[in-house]
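Taken together, the values in this text are just the output of simple stated rules run on the coordinates, not laboratory data. Predicted model, so just to flag it, every value in this text is computed and none were measured. Every residue, glycine among them, receives a Cβ derived from its backbone with ideal geometry; neighbour counts consider all protein chains shown.
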Amino acid sequence: MSSFRYVLPCAAILPAIGVFYATRPANADNVETTATALPVINRTTIDGKAVSIGTGKLTVVALTGTTCPVAKRYGPTLAALEKTYSARGVQFVYINPTDSEPTSDMRAAKTRLGLKGSYVHDKTKEIAKTLGATTTTEVFLLNSERKVIYRGAVDDQYGVTYSKSKPGNNYLARAIDAGLKGAAPTVTKTSAPGCVLDLSDVAPIQKPVTYHNRISRIIQENCLPCHRPGGVGPFTLDSFSKVKDRAAMIKFVVNNKQMPPWFAADAKPSKWKNDRSLSEADKRDLLTWIDSKTPLGDAKEAPAPVTFNPDWQIGKPDEIYQLPAPIAIKADGFMEYQNVIVPLNSTKDRWVKGIEIIPTARQVVHHILVFVVPKGQRGGGRSAENIEGLNGYFAIYVPGNSSIMYPDGLAKQIPANSDLRFQIHYTPNGEATTDQSKIGFIYSETPPKHEVRTAGVSNVFINIPPGADNHKEVATVTVPSDVEVLSFLPHMHVRGKACRYDVVSPDGKRETLLDVPRYDFNWQLSYEYAKWKKLEKGQKIEFSVWFDNSDKNPANPDPTKRVRWGDQTYEEMHLGYVEYIVPGATPGGDTPGIGARRRQGVANVVEATFGRLDRNSDGFVTASEAGSMWDQVRAADANNDGKVTLDEAKKAFGG
């Protein structure tokens, strides 16, 4: 997070990722829920069978795809609906309008999901045009007269940047139920989050800006690191046809500043080393090309192909550690965080200058935090580990960060007799799989000039009222010695709306360090200084966040709930990570830094947290004081008297 490069795993992830998706109203100029009947549509399925669309008592026409993450998540849901309603005379037809997706992948998806309905590859997008479809997740419900009685989303479980444990509104199922009774659905039209479709016609070549002479270079630089064969993106953009297929979506996410992922509000020139935003020239040319009907151009003007390391981005690791056993990931729904201990079996201190985390199932891994924990001091499982995690992390894999290679003179320490704890957030994507993530280290044989440290600026007492759409919370930490900040990484959950780091001097002078006006849980980026920021002893780092707990937030699990601290995504966190060095300090020593020092032991973290929770300073922490953290803290209640002392906390949590 300093003078090194992160490899951006663009959409892996997504985990509820915000990659080429959109939530956009259905096109009002095309097919509406009116009395107009659609024409008879006869096609051949991917299995070579003839199908006439609209011949059932009711017909569900579902747009889908094999690479769009939101469409993939809805695969099991559509399969379940088909199983329920096909026996009642409802016809199901699946339309894939993406020319570049192989038919073999469509057959595999159909088999995996157990779909019995007709699956049509709409390569020319004629069916999508007839329907006026806008995204790859939109569904249309036709009655026996082929009139559209509902169009929009299947339900509200999955979206652009969110994934709920269950839907709150089953739009399609309710519309089918109404249609089977001969009634009009209560809801007839919704927006459908998914990959935006490009229904424009192929344009003539020979334009000033073409794919070969300009756009391919922009794609190479800004998209291919993720969207390439073997990359973490959910689809590839390594050819003209694939880029053209997603031209409308590219335009949408570029105009809405969703892609490339970068959310800092700083003016140009940027002070951030890893600024991923498009230059004005690149943005202008890209949008001009799309508006000009995506001309191909002369292949002689194409750039040379780029190559990527298929294995470790940091180079061959000196040592690799992997989860002891694969973790099963279900096809749909929600999974709680997984916490796994990985033994290191090392009896000496080690300095690490290169770190990379590689999931074996990138498509379902939203993020991984790796902590160094003393062997035999693992406390009460997740509860103790959560408390320790407040003070920082050792390594991280999140949308935007996967590998670190520190420059000469910088390294992180793994003390002797330590283990690793992996905290993993999985987001099912419609296909059951397994993951056995691994981490690779490149060691420094000698202690570095500077030890890289990570601290967390946190507020465990957040209290977000029901329905609040712009609730502010603030956390502050005093800098106990001169430091140089390398980077920031803000962390909230799905109600996180915006955040800002400020530094406040003893005389009251305030300076904004990082402003993120539009926080996105699905792209937890690290913001790396091009020139490290010096902070002085006595200054305070203030980390302010704003939460949207209203029904206007589509990712909100329940806007009627008061929300407090918790490690699950349906809870919230207020945690601003800071990576820094202490100039002149002995690496591995006990010079004070920001927050509690790991070298001084977990006890400092436990003691600091205990002090925050013991609101009346009576030497005990009770359920009423701990609030939502009581589930973690009560693991230390050795005598079961309903309250926890500091000694009990230290014994339980490794202090």
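Applying 1/(1 + (r/R0)^6) with R0 = 41 Å to the Cβ-Cβ distance of D469 and T288, what FRET efficiency is obtained, to the nearest 0.05?
The formula returns an efficiency of 0.65 here.
For region 402-411, in order, what is each residue's ³J(HN,Hα) by Karplus, 6.51 cos²θ - 1.76 cosθ + 1.60 with θ = phi - 60°, in whole Hz (x at glycine and Pro)?
9, 9, 9, 10, 6, x, 3, x, 10, 6
Checking the a/c ratio against 1.5 first, then a/b against b/c, what shape does the Cα gyration tensor give for region 81-147?
oblate
Using alpha-carbon positions, what is the distance between the centroids of region 59-111 and region 309-357, in Å?
Comparing the Cα centres of region 59-111 and region 309-357, I get a distance of 34 Å.
What's the ranking of 343-354, 517-528 by average number of surrounding C-beta atoms within 10 Å, highest first?
Top of the packing list down: 517-528, 343-354.
Give me the percent relative contact order of the chain, please, defined on Cα pairs under 8 angstrom at least 6 residues apart.
On the way: 1589 pairs, mean separation 101.4, N = 655.
Across the chain, relative contact order equals 15 percent.
Put a dot 7 Å past each Cα toward the Cβ at S279 and S550; how far apart are the dots in nm?
That separation, rounded to one decimal, is 4.0 nm.
Mean separation of Cα pairs under 8 Å and 6+ residues apart, divided by the residue count of region 313-444: what relative contact order is that in percent?
On the way: 288 pairs, mean separation 70.2, N = 132.
Averaging sequence separation for qualifying contacts and normalising by length gives 53 percent for region 313-444.
How big is the charge dipole of region 449-595 about its Cα centre, in debye rounded to the nearest 20, if each Lys and Arg gets +1 on its Cβ and each Asp and Glu gets -1 on its Cβ?
For region 449-595, the charge dipole is close to 200 debye.
Tell me the label-point distance for the pair E145, K561, using the 7 Å Cα-to-Cβ offset, in nm and rounded to one decimal.
Result for the modelled spin labels: 4.5 nm.
Roughly how far apart, in whole Å, are the Cα centres of region 254-304 and region 176-252?
So the two Cα centres are separated by 16 Å.
What aspartates and glutamates could a cross-link reach from K650, if we take a straight Cα to Cα line under 19 Å and drop same-chain neighbours fewer than 8 places away?
List returned: E385, E388, D419, E607, D614, D618, E625, D631, D637, D641.
Among K412/K533; K83/K330; K57/K129; K283/K353; K164/K497, which pairs are too far apart, with a Cα-Cα distance over 27 Å? Show your work: numbers first, answer last.
Details: K412/K533 19 Å; K83/K330 19 Å; K57/K129 24 Å; K283/K353 36 Å; K164/K497 18 Å.
Distance filter (> 27 Å) returns K283/K353.
Multiply the residue separation of K83 and S165 by 0.36 nm, subtract the distance between their alpha-carbon atoms, and state the gained length in nm to one decimal.
Numbers: separation 82, 0.36 × 82 = 29.52 nm, distance 2.10 nm.
Answer, rounded to one decimal: 27.4 nm.
How much length, in nm to one decimal, is gained on full extension between D99 and N255, taken as 0.36 nm per residue of separation minus their Cα-Cα distance?
Here the answer is 53.7 nm.
Let me check the size of the chain from its C-alpha atoms; what are the radius of gyration and Dmax in Å?
26.3, 80
Evaluate the relative contact order of region 94-192 (contact order divided by residue number), counting alpha-carbon pairs under 8 angstrom at least 6 apart; express in whole percent.
Computed over region 94-192, the figure is 22 percent.
Sticking with the crude label model, points 7 Å out along Cα→Cβ, report the distance from D311 to A432 in nm, one decimal please.
3.3 nm
For a test of the definition: using alpha carbon positions, the gyration tensor, and the 1.5 limit on a/c, classify region 41-180 as rounded, prolate or oblate. Write down the numbers at each step before the final one.
Values: a/c = 1.41, a/b = 1.05, b/c = 1.34.
In terms of gyration-tensor shape, rounded.
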